[in-house]
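Inspection log for the structure reproduced underneath, given as structure tokens.
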Amino acid sequence: MEHILMKRLMKSAALAVAVSLCATSAAFAAENVRLTGSGASFPAPIYLTWFKDFSKNTAGVTVDYQSKGSGAGVQDFLNKTVDFAASDSAMSEADIAKVGEGVQLLPMTAGEIVLAYNLPGNPKGLKLPRDVYSNIFLGKITQWNDPQIAAANPDLKLPATPITVVVRADSSGTTAVFTKHLSAINADFKQGLGEGNTVNWPATDKFIKSPKNDGVTATVRQTPGAIGYIEYGFAKLAKVDFAMLQNKAGQYVVPNAESGAEALAAVKMPENLVAWLPDPDGAKSYPITSYTWMIFRKDNGNPEKAKAMREMVEYSLTKGQTIADSMGYIPLPPSVVDQVRKASANIQ
């Protein structure tokens, strides 16, 4: 009898432990949320910093982000292999229409595209007029000592070196922003190459393709006579030289938080939160400035993940903005922060 009673007690205890373990496991699963994202390399340095700090300071939430280019990120989002995406070219209406759950685009930071160069003797303060740098990327200006470059830089000794143009190999929002600007300031560029995440660059051995912002940066650093378009933060991090560019007002401007903020002030954010600055007004505006977006589903079918994403957005709008300038990005204007915060409530 005692033997049977003991067996029953042991069975009850084992059942209680199993139930307890199941409950603990369920609670653990509910408390631990892993968010996955992919896309733009343009904002990758600041996003990775944000996500690491947010994950560290938010119990039960981890954010993983893969920098693979805007086009790849949007494709991952459409394939439902990520919870959110990031793109410098926002998202096309055609792609938005493919998402039955609805799409919420949120501009999370802004940046400037610089023309990094590698010249013998490391001449500083290179100035590039609008028609010059657009024609370099059109393949029409091919030597560093071209008379038009020399005229804008009388104090620099420019070498008789061929220009090697470094462009993106992948589907890139940085390319979309850059070619939108070049199309706005050069009719020949608009007609010949146009704008987009990918364009048919001149097929010469002086045009080299590299993947992502860090790939272009590395290629410019390793190639004497090279020039390439990269996000300002990458240029700061890599300590590469970059040109002063002539803006719409005819002024030569260096990229920084002030010249970027001046450009952002020239455009009002519309209700859909997609604003472009192909050629901003303002005497102090840096000419190639852009917002960059995170992309979310409105209906995620998972309240815990939706809550974690809203919290991630709020972190990015508050603590995240305070480090933007130091990393080579432009803090969002307060009015845009308010608009983004309000729109983030659509992530459910």
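The values are calculated or read from the model by the stated rules, or taken from the named source; none is laboratory data. Bear in mind the structure is a predicted one, so any value in this text is a computation, not a measurement. Backbone-built Cβ (ideal geometry, glycine too); neighbour counts: all protein chains shown. What goes into the accessible areas is simple: the full protein's heavy atoms, side chains included, and nothing from ligands, DNA or RNA. Shrake-Rupley method; radii C 1.70, N 1.55, O 1.52, S 1.80 Å.
Values computed for the structure shown
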| read-out | value |
| --- | --- |
| The chain: calculated mean residue ellipticity at 222 nm from DSSP helix runs of at least 4, using -39500 (n - 2.57) | -12000 deg cm²/dmol |
| Computed label-point distance, nm, for sites SER326 and LYS284 using a 7 Å Cα→Cβ extension | 2.3 |
| Whether the chain is rounded, prolate or oblate, judged on the alpha carbon gyration tensor where a/c under 1.5 counts as rounded | prolate |
| Protection proxy ranking, peptides 36-49, 186-199, average beta carbon neighbours within 10 Å, highest first | 36-49, 186-199 |
| Probe 1.4 Å, protein heavy atoms only - accessible area per residue of the stretch 207-341 in square angstrom | 42 |
| Residue order for ASP281, ASP205, ASP83 - accessible surface, 1.4 angstrom probe, largest first | ASP205, ASP281, ASP83 |
| With every protein chain in place, the chain: carbon and sulfur % of accessible area (1.4 Å) | 55 |
| Residue-by-residue Karplus 3J(HN,Hα) for the stretch 281-286, coefficients 6.51, -1.76, 1.60, Hz, glycine and proline x | 6, x, 4, 9, 6, 7 |
| Span-like helix ranges in the chain, DSSP H, alpha carbon extent 24 angstrom or more, Kyte mean at least -0.5 | 2-31 |
| Cβ charges +1 (Lys, Arg) and -1 (Asp, Glu), total dipole of the chain, debye | 640 |
| Leading residue at positive end of dipole, the chain (Cβ point charges), from TRP276, LEU78, ALA59 | ALA59 |
| Spatially proximal lysines relative to LYS342 (Cα-Cα < 17 Å; intrachain offsets below 8 disregarded) | LYS268, LYS298, LYS307 |
| The stretch 112-265: C-alpha gyration tensor shape, a/c 1.5 cut-off, then a/b vs b/c | rounded |
